[in-house]
Amino acid sequence: MDASGQGASDEQIGEQRALAALERAGLAHDVTRHGRVGSLEEAARVRGVQPRDIVKTLVVRRAEGDYLFVLVPGDREISWPKLRALLGVNRLSMPDAATAREATGYERGTITPFGSTTAWPVVADASLVEEPGRLISLGAGAHGVAVNVDATAALEHLEAQVADVTEPID
């Protein structure tokens, strides 16, 4: 129960799960709580990072019941041909919101590989590790909650496959 005598909300549980996973990983991180934002630029401003440092965690479906996380910088989008070639498949898709939640335990807009109910494989765009010591900002299981963490350390912990899988947003 929370202070009001109510049970924890799904978002509170999601945030707790994500932050506990980061603690268990031993990754240094800063938590930012800022409420909902209206744009990538606003999110970057309130998190104290550049828009390119905001990392979207996208759930991609390879096959029935087989998903992966793709980590995409805020100023880029998935290049489907590059991702298909990397994975050696002809078809990939994005699940609907309910399926993504079932696969991860997180609501769309709050998804993070940290604390996911299933530890799906992670593919991270190569641009995330081009600069040593780069901080990235990932969602943390609840709307308006994020963590800033060292990109290389986070991707190493997640055993991410790092590859060129994105392109600039037009």
(Q) Any residue in region 70-94 that is in contact (Cβ under 8 Å) with a residue 24 or more places away in the chain and over 22 Å from ALA119 (Cβ atoms) sitting within a Cβ distance under 9 Å of a residue that is among the charged types (D, E, K, R) and open to solvent by less than 40 Å² (accessible area, probe 1.4 Å)? List the pairs, counting only those 6 or more apart or interchain. (A) PRO73/ASP53; PRO73/ASP125; GLY74/ASP53; ARG76/ASP125
Q: Quick one: which residue in ARG36, ARG61, ARG47 is open to solvent by 50 Å² or more (accessible area, probe 1.4 Å), touching a strand residue (DSSP E or B) at 6+ places or on another chain (Cβ under 6 Å) and either farther than 19 Å from ALA140 by Cβ or modelled with pLDDT under 95 (or both)?
A: ARG61
(Q) Report every pair of residues separated by at least 6 positions or lying on different chains whose Cβ atoms are under 9 Å apart, first residue within region 95-106 and more than 14 Å from THR57 (Cα to Cα), second crowded, with 16+ Cβ neighbours inside 10 Å and at pLDDT 95 or above. (A) THR99/VAL59; THR99/ARG61; THR99/TYR67; GLU102/PRO95
Q | strands (runs of 3 or more DSSP E) wholly inside region 98-170 containing at least 1 residues that are over 15 Å from LEU71 (Cβ atoms) and open to solvent by 20 Å² or more (accessible area, probe 1.4 Å) | A | 166-168
Q.
For region 128-170, which positions are within 20 Å of GLU77 (Cβ to Cβ), in contact with an Asp or Glu (Cβ under 8 Å, 6 or more places away or on another chain) and not aliphatic (A, V, I, L, M)?
A. ARG134, SER137, ASP164, THR166, GLU167, PRO168
Q) Out of curiosity, is VAL55 of a type in the set (A, V, I, L, M, F, W, C) and within 19 Å of GLU102 (Cα to Cα)? A) no
Q.
I'm told LYS82 meets every condition in (1) open to solvent by less than 10 Å² (accessible area, probe 1.4 Å); (2) out of contact with any strand residue (DSSP E or B) (no Cβ under 6 Å at 6 or more places or on another chain); (3) of a type outside the set (A, V, I, L, M, F, W, C) except one. Can you identify the failing condition by its number?
A. (1)
Q | Scope region 39-86; condition of a type in the set (S, T, N, Q) and not in a strand (DSSP E or B); matching residues | A | SER39, GLN50, SER79
Q: Scan region 9-33 for residues that are more than 14 Å from the chain's Cα centre (by Cα), surrounded by 14 or more Cβ atoms within 10 Å (Cβ to Cβ), aliphatic (A, V, I, L, M) and assigned to a helix (DSSP H, G or I) and report the count.
A: 2
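The values are calculated or read from the model by the stated rules, or taken from the named source; none is laboratory data. Note that this is a predicted model, so its numbers are computed, not measured. Note that we place each Cβ from the backbone using ideal geometry, even for glycine, and neighbour counts take in every protein chain shown. Only protein heavy atoms, including side chains, enter the accessible area calculation; ligands, DNA and RNA are left aside. Shrake-Rupley method; radii C 1.70, N 1.55, O 1.52, S 1.80 Å.
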